[in-house]
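Engineer: Here it is, the structure in full.
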Amino acid sequence: VIEIDLNRGGLAAQWRIDPCGVLYELAALHPGAPARLRLGDQTLLLFQDSLAAEHVAHASVNSYRKHFGGFRQFFGDSRITRDGERWRASRARSQPAIAAAKPLEVAEVTRRIFTDTAGALLAKNSITLLDEHLDHAAGRVIAQVMLGFEPDEISATLAQDFRVLLRHASMTTWNVSGAVQLHDPVLRDDFDRTRLRLRDGLTAAVRRHTSTGTLPVLLDRLMAASDDLDSFAEVCALLFAGFDTTAAALGWALWLLAGAGSLQDRLRDEVSTRLTPRSAAAELLACDELNAFIAEALRIFPPIPILSRIATEADRIGDVPVNSGQKVLVSVIGLHHDRRWFPDPRKVSLARFPRGELPAELRGHYLPFGLGQRACPGGRIASAELSAALATLLHAARFERLSDAPLAFEWLASLRRAGGQHLKVRPTGGAMSCA
Ligand code: HEM
């Protein structure tokens, strides 16, 4: 077990600014090895191998509960943060609607919305910060798919509002007890006011749709009175889990393609032979090379970079003893960048995912959507959205990097590029209307 002191020294400084950068370094230096991280007066166990992931998230799932630190305030008491019976009760409210979402319909909604996005990016006619466009579009997709209405009905600035809440949550999360606690009254005030405004927006949307008899089934189930359910937290957690991850993945995918002109052209060719204003949504989902590339983008930059848990009883993971109450992190970055399974792990290689599928021998080593009973229920929705969104964007626009500035990460909830994804966007002549 590698011992790492995150209270002092160079790595400690880096951890405070860019914990994901540290995870990438650990994966490169000690592939697959477990580490004991000392942070404040706590010791976190970090695992980077598939057996540990399987143990924590599947085989011994009842010995570990979710751990969110300061993010708990953000996600509230919801399906994402609960455990045991309370999680099962939450899950039962949203699962039927998530399971009922049809990939072809998701692709159709995505194509419509991302056609607008391509238009907005091209209207800027030069260098663009992609993140806000991708956040907005992915927020529209998840709201349309899950609720059947635009997110503007809750808040005209939903994606930005979530980021305000996140900034406050992230301020406290990596400062576990014993380490410096940061209190920023301005951020706290923004957090409280934004939460209140979102709550009012949701209440008004529910009232409006109830009065017109158009309340979506999911909202009806989530808003049904119960002493033990925070409806607001459930709706926010679902919308947020649905858009922040997919927007982050799209940003990374476009950044990778912007640095690989010939791959971008190859994927654009694949997409353009299938995409016409009248082509069926199924065509958007059937581009094997594009799907292999999306799998690679999720591998290289997993939007959820760790699975975070607390042991509820003493346990042992491989040779490593685990105390009751100990924090256990499974580094998805560590798994995806283990060169024994993914040689030259920072390089895009479509051959790793023949026909866009994960080969059987890599099962357990590739976990962008987690695993076990707490795995992402939105994987099918996300996959359809990512394929349709990238197909639509690539058909309309060419993406280029500004420079090869070094990578730094921002990790508020999903893994993002520090400072955002700034790319040049030019027309390809393939933009089209999807009326
Ligand atoms: C690229 C997109 C996405 C990625 C990479 C992703 C990844 C993940 C991961 C890794 C987890 C498990 C976390 C853990 O075990 O600690 C998770 C959970 C979850 N995701 Fe996603 N997700 C994505 C999209 C979505 C979408 C579109 C939805 C909405 C339908 C969604 C809803 C959820 C929910 C509700 C949970 C909590 C499940 C539970 O504990 O019951 N996700 N996601």
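The values are calculated or read from the model by the stated rules, or taken from the named source; none is laboratory data. It should be emphasised that the depicted structure is a prediction, and the values quoted were computed from it without experimental measurement. Cβ atoms come from the backbone with ideal geometry, glycine included; neighbour counts cover every protein chain shown. These accessible areas exclude ligands, DNA and RNA; they are computed on the full protein's heavy atoms, side chains included. Shrake-Rupley method; radii C 1.70, N 1.55, O 1.52, S 1.80 Å.
Engineer: What are the trypsin sites (Lys or Arg not before Pro) within region 330-422 that DSSP puts in a loop, where the Cβ has at most 16 other Cβ atoms within 10 Å?
Structural biologist: R339, R340, R346, K347, R363
Engineer: Apply the Karplus parameterisation 6.51 cos²θ - 1.76 cosθ + 1.60, with θ equal to phi minus 60°, to every residue of region 24-37 and state each ³J(HN,Hα) to the nearest whole Hz, in sequence, with x for glycine and proline.
Structural biologist: 5, 5, 4, 4, 6, 7, 9, x, x, 7, x, 9, 9, 9
Engineer: Where only protein heavy atoms count, and the probe is 1.4 Å, what is the accessible area per residue for the chain in Å²?
Structural biologist: On a per-residue basis, 42 Å².
Engineer: How large is ³J(HN,Hα), in whole Hz, for each residue of region 75-85 in order, when computed from phi with the Karplus curve 6.51 cos²θ - 1.76 cosθ + 1.60 and θ = phi - 60°, using x for Gly and Pro?
Structural biologist: 6, x, 8, 9, 3, 6, 9, 6, 9, x, 4
Engineer: In the chain, if every C-alpha pair distance is counted and binned at 20 Å from zero, what percent goes to each bin?
Structural biologist: P(r) over the chain, rounded to whole percents: 25, 59, 15, 0.
Engineer: Counting only helical runs of four or more DSSP H residues, what would the 222 nm mean residue ellipticity of the chain come to if each run contributes -39,500 (n - 2.57) and the total is spread over all its residues?
Structural biologist: Only helices count here, giving -16000 deg cm²/dmol.
Engineer: Now a separate question. How far apart, in nm, are the 7 Å Cα→Cβ label points at L122 and D192?
Structural biologist: 4.8
Engineer: Using a 1.4 Å probe over the heavy atoms of the protein chains, calculate the carbon and sulfur portion of the accessible area of the chain as a whole percent.
Structural biologist: The nonpolar share, carbon plus sulfur, comes to 54 percent.
Engineer: Say R0 is 45 Å: what FRET efficiency, to the nearest 0.05, do R16 and T210 get from their beta-carbon distance?
Structural biologist: After rounding, the FRET efficiency stands at 0.45.
Engineer: Which ³J(HN,Hα) values in Hz, rounded to whole numbers, follow from the phi angles of region 126-141 under the Karplus curve 6.51 cos²θ - 1.76 cosθ + 1.60, where θ = phi - 60° and Gly and Pro get x?
Structural biologist: 5, 7, 9, 7, 6, 3, 5, 5, 5, 4, 4, 5, 5, x, 5, 4
Engineer: Could you order peptides 134-140, 210-216, 1-7, 20-26 by the average number of other Cβ atoms within 10 Å of their residues, highest first?
Structural biologist: Averaged packing, sorted descending, gives the order 134-140, 20-26, 1-7, 210-216.
Engineer: Using every pair of alpha-carbon atoms in region 328-435, split the distances into 5 Å bins beginning at 0 and state the percent of pairs per bin, rounded to integers.
Structural biologist: That works out to 2, 8, 12, 18, 20, 20, 12, 6, 2, 0, in percent per bin.
Engineer: Still on this model: If you average the sequence gap of Cα pairs under 8 Å that are 6 or more apart and divide by the length of region 99-256, what percent do you get for the contact order?
Structural biologist: Reported as a whole number, the value is 29 percent.
Engineer: Given charges of +1 on the Cβ of Lys and Arg and -1 on the Cβ of Asp and Glu, with all other atoms neutral, how large is the dipole of the chain about its Cα centre, in debye to the nearest 20?
Structural biologist: Charge dipole of the chain: 180 debye, to the nearest 20.
Engineer: Among the lysines, which fall within straight-line cross-link reach of K327, defined as a Cα-Cα distance under 22 Å, with same-chain neighbours fewer than 8 residues apart omitted?
Structural biologist: Output for K327: K66.
Engineer: Still on this structure: Specify the inter-centroid distance of region 280-316 and region 83-150, based on alpha-carbon positions, in whole Å.
Structural biologist: First find each Cα centre; the distance between them is then 17 Å.
Engineer: Let me ask you something else. Name the residue, out of D404, D315, D200, whose mean-square fluctuation peaks in a Gaussian network model built on the chain with Cα pairs under 10 Å.
Structural biologist: For the chain, modelled as a Gaussian network with Cα springs under 10 Å, the answer is D404.
Engineer: Let me ask something additional. Give me Rg/Rg_expected for region 202-257, where Rg uses Cα atoms only and Rg_expected = 2.2 N^0.38 Å with N residues.
Structural biologist: The reported ratio for this selection is 1.53.
Engineer: Would you work out the relative contact order for the chain, in percent, from Cα pairs under 8 angstrom that are 6 or more residues apart?
Structural biologist: RCO, the chain: 28 percent.
Engineer: Set the Förster distance to 25 Å, then compute FRET efficiency between V217 and R167 from the Cβ-Cβ distance, nearest 0.05.
Structural biologist: 0.15
Engineer: If I model a spin label as a point 7 Å beyond the Cα along the Cα-Cβ vector, how far apart are those points for S349 and R380 in nm?
Structural biologist: Roughly 3.2 nm, to one decimal.
Engineer: Let me ask something additional. Packing-wise, with mean Cβ within 10 Å as the measure, how do 322-332, 90-100 rank, highest first?
Structural biologist: 322-332, 90-100
Engineer: For the ranges 264-270, 153-159, what's the packing order if you count other beta-carbon atoms within 10 Å of each residue, average per peptide, and put the highest first?
Structural biologist: 153-159, 264-270
Engineer: Out of residues 5 or more away from I317 or on other chains, whose amide H comes under 5 Å of its own, with H placed 1.01 Å from N in the peptide plane?
Structural biologist: Excluding prolines and chain starts, which carry no amide H, the hits are V322.
Engineer: Now a separate question. Quick one: of the DSSP bridges fully inside the chain, what percent are antiparallel, nearest 5?
Structural biologist: The antiparallel proportion sits near 75 percent.
Engineer: If I model a spin label as a point 7 Å beyond the Cα along the Cα-Cβ vector, how far apart are those points for S403 and E357 in nm?
Structural biologist: For the pair S403/E357, the computed spacing is 4.5 nm.
Engineer: Kirkwood hydrodynamic radius, computed over distinct alpha-carbon pairs, for region 303-363: how many Å, to one decimal?
Structural biologist: Computed over region 303-363, the radius equals 13.9 Å.
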